[in-house]
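A.B. asks: Got a structure here, written out as structure tokens. Questions coming.
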């Protein structure tokens with residue numbers, strides 16, 4: 001039997017799963033989607049499978065001007081790429097949190113998040129034929145669903161209809177176009193309210209109405225419909241469907257302007273508990289490096305690679321989940337916990353080597369890198 005199929009190899013990957021609660025995550029990438037929309041990608045310091053239902057959301061716990069602020073955002077990525085997750089945020093006039101994220105959150109920054117939660121998702125309402133309707137940044141849960149079905153080679157028949165103000169406001173335009181050219185089960189329809197000088201546009205113009213809907217999806221009555229966008233957009237869509245005789249039991253909507261109070265209350269509770277815990281005395285240990293005279297004091301249980309970075313020591317790191325072996329270092333002394341995923345052999349471990357990306361410090365420790 002191949003080592004890759006053994007229980008010992010698979011166990012770390014199986015049990016390190018994302019569960020609803022408070023988690024510290026690190027921003028990996030900041031990606032400009034349009035002139036006023038940005039995607040932020042996150043992971044944890046140790047390997048975690050970010051498993052969630054496409055369409056669900058997380059609540060960010062931020063400190064802005066010395067005060068704790070909670071704000072919820074839909075996950076825009078797909079669990080088919082499980083070692084990170086993303087949110088996509090639109091800069092809004094007067095948007096306290098959204099503008100702060102655009103202006104301040106950078107790659108390498110650490111924040112707290114709560115989740116994942118949310119009943120609006122494609123897994124709880126399975127169907128062979130779906131119609132995804134979105135307006136503005138309400139495209140994010142639809143993109144998570146579409147990415148999931150696309151990445152998993154699903155046979156789900158998707159019609160994706162997105163409304164934006166102008167062509168430059170269409171989020172994920174290149175990825176949507178790519179998806180539409182790769183599979184015949186993904187039909188893309190873009191609607192722009194207007195065009196500006198210098199903009200060429202061959203798609204639909206104006207606002208979605210019943211006549212346009214019948215052109216986009218003549219069989220919409222036979223589809224499960226998911227809808228997300230600004231309240232006026234969703235109100236108009238819902239009224240249109242009700243008047244057309246659509247079975248509203250097959251209609252599901254999510255407003256990014258509203259978050260269930262119970263979910264926010266739970267996130268607040270977790271944040272309060274974490275604040276109390278942070279105020280408790282921590283057990284400190286020393287980390288030193290044989291290649292230099294550098295010694296630093298760190299919290300017991302801290303990730304070794306992260307601790308090294310805080311000391312200005314850059315240990316090579318690639319996968320971050322204990323597979324590639326790029327972050328291998330030798331332990332001269334000290335205790336540790338390592339949860340790797342096959343990137344180091346038993347012989348190397350016996351010789352004192354570890355993978356720093358998936359190792360936590362448990363005592364005073366000295367390493368050679």
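The values are calculated or read from the model by the stated rules, or taken from the named source; none is laboratory data. As the structure is a prediction and not an experimental result, all values here were calculated from the model. We place every Cβ from the backbone using ideal geometry, glycine too, and count neighbours over all the protein chains shown.
A.B. asks: Quick one: which residue in 349, 332 is surrounded by fewer than 16 Cβ atoms within 10 Å (Cβ to Cβ), free of Cβ contacts under 8 Å to residues at least 12 places away in the same chain, not assigned by TED's automatic domain parsing to the domain that holds residue 27 and not in a loop (DSSP other than H, G, I, E, B)?
C.D. replies: One residue alone meets the criteria, 349.
A.B. asks: Further question on the same structure: Between 205, 182, which is over 30 Å from the mean Cα position of the chain (by Cα) and loosely packed, with under 14 Cβ neighbours inside 10 Å?
C.D. replies: Checking each option against the conditions leaves just 205.
Here is a yes/no grid of residues against (1) under 23 Å from residue 153 (Cα atoms); (2) assigned to a strand (DSSP E or B):
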position	(1), (2)
53	yes, no
69	no, yes
79	yes, no
86	yes, yes
92	no, no
98	no, no
101	no, no
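A.B. asks: For segment 109-125, which residues satisfy the criterion of being touching a residue at least 60 places away in the same chain (Cβ under 8 Å) and farther than 19 Å from residue 23 by Cβ?
C.D. replies: Selection gives 120, 121, 122, 123, 124, 125.
A.B. asks: For segment 133-239, give me every one of the helices (runs of 4 or more DSSP H) that falls completely inside it and has 2 or more residues that are more than 25 Å from residue 34 (Cα to Cα) and not assigned by TED's automatic domain parsing to the domain that holds residue 80.
C.D. replies: Counting at least 2 such residues, we get 210-216.
A.B. asks: Considering each of 198, 136 in turn, give the residue that is surrounded by fewer than 22 Cβ atoms within 10 Å (Cβ to Cβ) and touching a strand residue (DSSP E or B) at 6+ places or on another chain (Cβ under 8 Å).
C.D. replies: Answer to the selection: 136.
A.B. asks: Residue 55 passes all but one of (1) in contact with a helix residue (DSSP H, G or I) (Cβ under 6 Å, 6 or more places away or on another chain); (2) buried (at least 18 other Cβ atoms within 10 Å of the Cβ); (3) without any contact (Cβ under 8 Å) to a residue 40 or more places away in the chain; which number fails?
C.D. replies: Here residue 55 clears every test but (3).
So that you can scan it fast, the table gives a plain yes or no per residue for (1) touching a residue at least 60 places away in the same chain (Cβ under 8 Å); (2) within 24 Å of the chain's Cα centre (by Cα); (3) over 21 Å from residue 143 (Cα atoms):
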position	(1), (2), (3)
161	no, yes, no
189	no, no, no
195	no, no, yes
200	no, no, yes
223	yes, no, no
